[in-house]
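**Q** Below is the structure I would like to discuss, written out as structure tokens.
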Amino acid sequence: MSGSLKKCFAILMGIGVAILAFLAAYLFAAWSLGQWRVNREQPDASQQTIAVYIVSNGAHTDIVMPMETAQWQWRDWVSETDTKQAQFIAQWVSIGWGDKGFYLETPTWADLKASTAIKAISGFNQTALHVSFQAAEPDEQDARVAKIMLSPEQYQRLSQHISHYFVRQNGKNIAIKNVAYTDLDAFYEAHGRYHAFMTCNTWTNMQLKNSGAPALMWTPFAQSLLQALD
């Protein structure tokens, strides 16, 4: 093997070792911080009067909340008129945050491309909020659903934190036109950057943590969050 080839091989080996070391450190951090539960002290059960749900599709989590409460009116922020079923009246709203390109280019896992995933974790893309409108609350018996009871104060903080991620123009959120997975969902422009340390599940966990609800110190994974809320 020539000197130049040996040098190239050594560089490639070094890159491979660095990648493996990063992955090992990342997974260790995800596991260790994913065991660290925060906000263990919760209000008395008599004060926890508002139900919210964390719903997973196996990889991604959404937060499902009542459309209207005394503390928060989600119709001031999102509207069924932004969906194909504009006349539908929802009782519940599901909100998730993530990489805009990944959301728009990957309606199903079968559509996933390596290039899309790489761009998503790079942190350079814009983000979006995916909003689904629902007639009924999720089935809490479903293994991919976790129910959380919050006090009115916790719920208001949760809603406020989520609302800060909507990009607003002239006092209104900016709906992304002509893009939807179903007849009852819509996408909105969002603040923030998605990357390996700020995934959709990290975002969900952060909203819970900042509102004072049960949460983890940090996690990039849906399953860890659901287990913590079980």
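The values are calculated or read from the model by the stated rules, or taken from the named source; none is laboratory data. As the structure is a computational prediction, the values presented were derived from the model and not from experiment. Please note that ligands, DNA and RNA were not included when accessible areas were found on the heavy atoms of the full protein model with its side chains. Shrake-Rupley method; radii C 1.70, N 1.55, O 1.52, S 1.80 Å.
**Q** Hey, got the Cα dimensions of the range 191-230 along the principal axes, in Å, largest first?
**A** Principal-axis extents of the Cα atoms in the range 191-230, largest first: 28, 20, 13 Å.
**Q** Compute a Gaussian network model of the chain, connecting alpha carbons closer than 10 Å, and tell me which residue from GLN42, GLN169, GLN160 fluctuates the most.
**A** Of the options given, GLN169 has the highest mean-square fluctuation.
**Q** Continuing with the same structure: Using the Karplus curve 6.51 cos²θ - 1.76 cosθ + 1.60 with θ = phi - 60°, what ³J(HN,Hα) values do you get for each residue of the range 84-93, in whole Hz, with x for Gly and Pro?
**A** 5, 9, 4, 8, 5, 10, 8, 9, 9, 10
**Q** Please build a GNM for the chain, connecting alpha carbons under 10 Å apart, and tell me which residue among ASP99, ASP183, ASP44 fluctuates the most.
**A** It is ASP44.
**Q** Still on this structure, I have one more. Given a 1.4 Å probe and every protein chain left where it sits, what share in percent of the accessible area of the chain is carbon and sulfur?
**A** Details: 7130 of 12460 Å².
Taking all protein chains in place, the chain shows 57 percent carbon and sulfur surface.
**Q** Tabulate in residue order the Karplus-calculated ³J(HN,Hα) for the range 68-78, using 6.51 cos²θ - 1.76 cosθ + 1.60 with θ = phi - 60°, rounded to whole Hz; enter x for Gly and Pro.
**A** Listing the rounded values in order: 9, 9, 5, 8, 7, 10, 5, 5, 6, 10, 9 Hz.
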